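Below you will find the structure I want to go over with you.
The values are calculated or read from the model by the stated rules, or taken from the named source; none is laboratory data. Small disclaimer: the values here were computed from a predicted structure and weren't measured. Ideal geometry is used to build each Cβ from the backbone, glycine not excepted, and the neighbour counts take in all protein chains shown. We work out accessible area using only protein heavy atoms, side chains counted, and drop any ligands, DNA or RNA first. Shrake-Rupley method; radii C 1.70, N 1.55, O 1.52, S 1.80 Å.
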Amino acid sequence: MIIKLSKRQDEILQIVKQNGPITGKEIADKLSVSRAALRPDLAILTMSGNLEARPRVGYYFNEKYELKQQAEQFIHQKVANFKAHPIVVENSTSVYNAIVQLFLEDVGTLYTVDSKGYLAGVISRKDLLRAALGNKNLQELPVSVIMTRMPNIITIFPEETLLEAAKKMMNYHIDSLPVVKEVDHQKNTYTLLGRITKTTITRAYVEIMEGKTV
């Protein structure tokens, strides 16, 4: 659980980060308050794991706890906040044109939708490569022949977390997930809202570790 710190507690953490190990008296002097006034804050910071304390040494910052907090923050980030725009092609698009689209958009996965705009298929880089090997009629071969269809498409919902998205990609050995919304509780019928990729998750993790994401 991430504990919300007070302004003074944040100031104490910064002092210990920059000067630790440091005694309680030295911290109090830097904040121009009494040691007695600091005792509750130091107790909270120590019990929460932000700070460690050693007799005759003083307080020092617990870097492992900070990493744990950052990891916990990453775990709870919602897919909805990081999803990217999906690159969509029609089912009748040729494999040749799909390959061109893949490179023009610089993505690893294409999606297809049906006449109602519902998710119909997923086309990966591997699918296109497999179709291209030994096939001389790529302009005549539609992507509908090679794409993965429902119910075999692995999806993710906006309210799920980045951790859940990462687990799905690892478990199913895929690089991208379509972000979807269920259509009136119809089984395997989804509106396509976006996409989440391994790159998306890596970027989100880096932003959180650098303190750019709240």
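What number comes out for the charge environment of residue 170, summing +1 per Lys or Arg and -1 per Asp or Glu over other residues with Cβ under 12 Å away? Don't skip to the answer; put the middle values down first.
Values: positive: 167, 168, 198; negative: 164, 175.
Neighbour charge sum, excluding residue 170 itself: +1.
Express the Stokes-Einstein translational diffusion coefficient of the range 1-108 in µm² s⁻¹, to the nearest whole number, given a Kirkwood radius over alpha-carbon pairs, 4 °C and a viscosity of 1.567 mPa s.
Working: Rh = 17.6 Å.
Using the Kirkwood radius from Cα pairs, D works out to 74 µm²/s.
Against the longest principal axis of the chain, how steep is helix 198-209, in degrees 0 to 90 to the nearest 10, with axes from Cα atoms?
Helix 198-209 sits at roughly 10 degrees to that axis.
Could you work out which residue, out of 132, 36, 84, moves most in a Gaussian network model of the chain, that is, has the largest mean-square fluctuation with Cα springs under 10 Å?
Looking only at 132, 36, 84, the biggest GNM fluctuation is shown by 36.
Quick one: net charge around residue 20, please, counting Lys, Arg +1 and Asp, Glu -1 for every other residue with C-beta under 11 Å from its C-beta. Numbers along the way, then the final one.
Numbers: positive: 17, 54; negative: 26, 52, 63.
That sum, taken over residues with Cβ under 11 Å, equals -1.
What whole number of Å gives the distance from the Cα centroid of the range 1-67 to the Cα centroid of the range 93-120?
54 Å
Among 99-107, 181-189, 120-128, what's the highest-first ranking by average C-beta atoms within 10 angstrom per residue?
Working: 99-107: 13.8, 181-189: 10.9, 120-128: 20.1.
In descending order of packing, they fall as 120-128, 99-107, 181-189.
If you don't mind, another one. Any idea what log10 I(q)/I(0) is at q = 0.12, 0.16, 0.17 Å⁻¹ for the chain, Debye with uniform C-alpha scatterers and no solvent?
One equal scatterer on each Cα of the chain leads to -0.71, -1.00, -1.08.
Counting only protein heavy atoms, what percent of the accessible surface of the range 152-203 is carbon or sulfur at a 1.4 Å probe?
Working: 1460 of 2960 Å².
C and S atoms contribute 50 percent here.
Report the rotationally averaged projected area of the range 1-62 based on its alpha-carbon convex hull, in square nanometres. Intermediate values should be presented prior to the final figure.
On the way: hull surface 15.4 nm².
Taking a quarter of the hull surface, the average projection is 3.9 nm².
Taking the chain as a Gaussian network, where each spring joins two C-alpha atoms under 10 Å apart, which residue of 130, 39, 56 fluctuates the most?
Sorting by GNM fluctuation, first place goes to 56.
Show me, bin by bin at 5 Å from 0, the whole-percent P(r) of the range 99-214 based on Cα pairs.
Over the range 99-214, the share of Cα pairs per 5 Å bin runs 2, 10, 19, 21, 19, 13, 9, 5, 2, 1, 0 percent.
With +1 on each Lys and Arg Cβ and -1 on each Asp and Glu Cβ, how big is the dipole of the range 72-214 about its Cα centre, in debye rounded to the nearest 20? All intermediate terms of the calculation are to be shown ahead of the outcome.
Working: 16 positive and 15 negative charges, 54 e Å.
Dipole about the Cα centre, nearest 20: 260 debye.
Right, here's the next one. Which three semi-axes in whole Å describe the equivalent ellipsoid of the range 103-151, each the square root of 5 times a Cα gyration tensor eigenvalue, listed largest first?
Details: eigenvalues 77, 35, 21 Å².
Ellipsoid semi-axes (Å, largest first): 20, 13, 10.
Among 75, 113, 86, which residue has its Cα positioned farthest towards the positive end of the charge dipole of the range 44-117, with +1 placed on the Cβ of Lys and Arg, -1 on the Cβ of Asp and Glu, and the dipole taken about the Cα centre?
75
Got a sec to turn the phi values of the range 142-159 into Karplus ³J(HN,Hα) couplings, 6.51 cos²θ - 1.76 cosθ + 1.60 with θ = phi - 60°, whole Hz, x for Gly and Pro?
x, 5, 4, 6, 10, 6, 7, 10, 5, x, 8, 8, 8, 10, 9, 9, x, 7
Quick one: Karplus J couplings for the range 85-93, per residue in order, coefficients 6.51, -1.76, 1.60, θ = phi - 60°, nearest Hz, x for Gly and Pro?
Listing the rounded values in order: 5, x, 9, 10, 10, 6, 4, 7, 4 Hz.
When the Karplus curve 6.51 cos²θ - 1.76 cosθ + 1.60 is applied with θ = phi - 60°, which whole-Hz ³J(HN,Hα) does each residue of the range 43-49 get, with x for Gly and Pro?
Couplings: 5, 5, 5, 6, 5, 6, x Hz.
Need one number: nm distance between label points at residue 115 and residue 97, each 7 Å from Cα along Cα→Cβ, rounded to one decimal.
1.8 nm
About the Cα centre, and with charges only on the beta carbon of Lys, Arg (+1) and Asp, Glu (-1), how big is the dipole of the range 144-214? Nearest 20 debye, please.
Values: 9 positive and 8 negative charges, 44 e Å.
Roughly 220 debye, rounded to the nearest 20.
Among 146, 122, 208, whose Cα lies farthest out toward the positive end of the dipole of the range 103-210, if unit charges sit on the beta carbon of Lys, Arg (+1) and Asp, Glu (-1)?
146
At 1.4 Å probe size, with the rest of the protein present, what percent of the exposed accessible area of the range 1-46 is carbon and sulfur atoms? If you can, show how the numbers build up before the last one.
Values: 1540 of 2920 Å².
Ligands and nucleic acids excluded, carbon and sulfur give 53 percent.
Per residue, how much accessible area does the chain show when a 1.4 Å probe rolls over the protein heavy atoms, in square angstrom? Numbers along the way, then the final one.
Working: 13160 Å² over 214 residues.
On a per-residue basis, the chain sits at 62 Å².
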